[in-house]
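Trainee: Shown below is the structure under consideration.
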Amino acid sequence: MNKFKFDIQKNNLSWEKKFTKKCDSSSCKEKGEFRAPKSRILLNEYYFFCLKHIKEYNKSWDFYKGLTVDQIEKSMRNDTVWDRPSWPLKGNPKSVIDQLNEFFNEDSIGLDEDKINNNFYKNKFIDEKLTNEQNNALKMLDLSLPLTIDKIKKKYKKLVKIFHPDVNDNNKEAEEKFKQINESYKLLLKNFVK
């Protein structure tokens, strides 16, 4: 028993139409089925070649043709970051912040300059005078200006390992020093950033 099947005719849509082009190589009459960019600058404009001539074109294609060694290296470096600019952040935290400020001041990308200028990167210990408590806390942790949170934490961890009561067999002097280190640490962290 045969089932009836509908004979459906497929209509090609306008964007599905395939245009056959002649090979762009001179004196070739075959179909140009394979496309190749016209030049390094015109990457979105194409020649259409047959299989034989696309092979020849690909063998002779040189993206860097006509560039100097420096231009080639610059192009290759740009390709590693997808042709997007990047800025190195080297040095100590102050120089990093200076580089960022310089970038934001040079680029007019609509940043709120008041936010940058009004204490956005301000560090209380660098820009203001220290109180006696803060000075004592710096001496207790054996730190000097300028400070970073990482610097404070590293020094605190180092001193805690030395003066912890469990390590010093409940030595009262070490226990007192341990308490002072904890208080100094809390004070510095509380007052570090405005």
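The values are calculated or read from the model by the stated rules, or taken from the named source; none is laboratory data. Quantities reported herein were computed from a predicted structural model and do not represent experimental measurements.
Trainee: Can you pull out the residues in region 50-67 that are of a type in the set (Phe, Trp, Tyr) and assigned to a helix (DSSP H, G or I)? So that I can check it myself, show each step before the final result.
Mentor: Start the filter on region 50-67 by keeping residues that are of a type in the set (Phe, Trp, Tyr), which leaves 57, 61, 63-64.
Matches in region 50-67: Tyr57 only.
Trainee: A follow-up question, please. Could you please let me know if Lys74 is modelled with pLDDT of 70 or more and in a helix (DSSP H, G or I)?
Mentor: yes
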